[in-house]
């Protein structure tokens, strides 16, 4: 009867003795190898499984409790398993362990598909923004071409230069869209979260202005390096920004803040302590999160929007957890909602270069300058204002400029983009 019950399980189950030999194998485990269970009994467990993490082998050999996720080659095919190992207590000479394997390969593939679909949905929303923005320079190009055909050579040269600037604007807009939509082939790598925040702010800045939303940005001076996937973390930030926008249909304020500090037990799972964390907060002045919604806010397909899929926050939470972090939601006093991302900081890279590794600290300021193109803004800051390093943060609307200050100074970058 017991053997019948064990064989009816879809999951893999095996009993291993103190010498590492398989004493019992159920049908669910044997089917991964296209063999009958009898042909696996008596073989050493190392003949079947080559674990990348040494913790699995230690748990089996020493009779310890352990669980985790691992990729194993079964019958020539790589499959992903959630694995549990636990001992059957008895005399040392009779020590036995049970290993339970749940094949999650197809579930993970489905999750990846859902994530990709959600990314495409977010891209669709951005496409409407981009289409609106592209229309303006196209109209300018049409007007300049008409004028270029009716004026003298000197004025024609000026108009052609303006056309070139407008074409550059279109190219930059399209590249922004592609950067978000395109999957990241570089996989896991070191990422500066401040850089991702700046990219998402740039991408949504025109929409913020058109929606009469003011952005307040307070980013840590030091880079916040984490280990992860660029496209997935960008998607999380973009989802939170777009949700904040949706919560304020009549305008308001989005405040984004980043910092690093020592982790606490409330920040990350206990095994990851002690460590330093990157903390990112995105707050809005919308209607907040109702008490009855808060317990379900990260559940898949739960939504209060008429046109929402209910997947954005669920996927965002899943992505952050896959990066060993935590995404939490709070009501922000006195009004609005606040979403907090906590991620473990990467180990320092002594070879890392960038603006924060230079001799001089950098002071950043935002200049509101309506009606200028990206090139025009750069010339304005570089020439008339004598700033030494120029970064266009919001082409045609605002400019984030930087200048060296005394080495002893440590400042936080503050940016404010005001809606029209």
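For region 259-274, the count of residues that are at pLDDT 90 or above and surrounded by 15 or more Cβ atoms within 10 Å (Cβ to Cβ) is nonzero. Looking only at residues in region 62-81 that are more than 25 Å from residue 324 (Cα to Cα) and surrounded by 16 or more Cβ atoms within 10 Å (Cβ to Cβ), the one that is farthest from the chain's Cα centre (by Cα) is 63. Would you be able to say whether some residue in region 203-211 is touching a residue at least 60 places away in the same chain (Cβ under 8 Å), farther than 16 Å from residue 342 by Cα and not in a helix (DSSP H, G or I)? Yes, there is a match, as at least one residue in region 203-211 is touching a residue at least 60 places away in the same chain (Cβ under 8 Å), farther than 16 Å from residue 342 by Cα and not in a helix (DSSP H, G or I). Filtering region 2-10 for residues that are touching a residue at least 40 places away in the same chain (Cβ under 8 Å) and surrounded by 15 or more Cβ atoms within 10 Å (Cβ to Cβ) leaves an empty set.
Residues are listed down the side, and each one gets a yes or a no for (1) modelled with pLDDT of 85 or more; (2) more than 21 Å from the chain's Cα centre (by Cα); (3) part of a loop (DSSP other than H, G, I, E, B); (4) farther than 22 Å from residue 196 by Cα:
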{"residue": "217", "(1), (2), (3), (4)": "yes, no, no, no"}
{"residue": "222", "(1), (2), (3), (4)": "yes, no, yes, no"}
{"residue": "233", "(1), (2), (3), (4)": "yes, no, no, no"}
{"residue": "254", "(1), (2), (3), (4)": "yes, no, no, no"}
{"residue": "307", "(1), (2), (3), (4)": "no, yes, yes, yes"}
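Residue 23 fulfils the conditions (1) surrounded by fewer than 16 Cβ atoms within 10 Å (Cβ to Cβ); (2) within 35 Å of the chain's Cα centre (by Cα) except for a single criterion, (2).
The values are calculated or read from the model by the stated rules, or taken from the named source; none is laboratory data. What you are looking at is a predicted structure, and each value in this text was computed from that prediction instead of being measured. Note that we place each Cβ from the backbone using ideal geometry, even for glycine, and neighbour counts take in every protein chain shown.
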